[in-house]
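See structure below.
The values are calculated or read from the model by the stated rules, or taken from the named source; none is laboratory data. From a predicted model like this one, the values you see are computed outputs, not experimental measurements. Using ideal geometry, Cβ is built from the backbone for each residue, glycine included, and neighbour counts are taken over all protein chains shown.
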Amino acid sequence: MAQKIQPRFLDYTTAHTVSDSFGTPIYVYDQKSLEANAAAVLKFPNAFGLTARYAMKASPNGAILKIFAKAGLHIDASSGHEVHRAMAAGIPARHISLSAQELPIDLSDLLDAGIQLNACSLAQLRAFWSNKARWASRHSD
């Protein structure tokens, strides 16, 4: 018989009850552990300032995004879809950084909304400046 592994926050009996009630696979998270981890990250020593970000590709679950945002973490999105998902979860655009290999077709709109772009190539820098130039011409006067 396989050895039962005891999760840190969920006893075997409760886990079994949850799986019977909701089926499997099911994901169960410990909010207190998530909040404690966020607090620990925010306490990292830094001499020049630090914006701690949660890489939402680890889990784009809206509830988790809200927990981390409430704790003070910003979001690192790896696609336009993830940016939209984070904004749909209530994350302010100014707290979202996009680091993507392929820029989304609505980059200009996302920049207008206030996201930050972490350009990964010269081509992305050109696209960013092109979008910024269009944005400046639309918002002048």
When every residue in the range 79-112 that is within 22 Å of residue 52 (Cβ to Cβ) and assigned to a loop (DSSP other than H, G, I, E, B) is compared, the one modelled with the lowest pLDDT is 100
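Among the listed residues 40, 55, which satisfies the condition of being farther than 30 Å from residue 131 by Cβ and of a type in the set (Gly, Ala, Ser)? Show your work before the answer.
Numbers: 55 fails: farther than 30 Å from residue 131 by Cβ.
After applying the criteria, what remains is 40.
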Where residues in the range 113-141 are assigned to a helix (DSSP H, G or I) and at pLDDT 90 or above, which of them is nearest to residue 97 (Cα to Cα)?
-> 113
Collect the residues in the range 52-82 that are among the aliphatic types (A, V, I, L, M), farther than 15 Å from residue 120 by Cβ and within 12 Å of the chain's Cα centre (by Cα), keeping them in residue-number order.
-> 52, 56, 58, 63, 64, 65, 67, 69, 73, 75
Return yes when residue 79 is touching a Cys at 6+ places or on another chain (Cβ under 9 Å), crowded, with 16+ Cβ neighbours inside 10 Å, of a type in the set (Ser, Thr, Tyr) and under 30 Å from residue 131 (Cα atoms) and no when it is not.
-> no
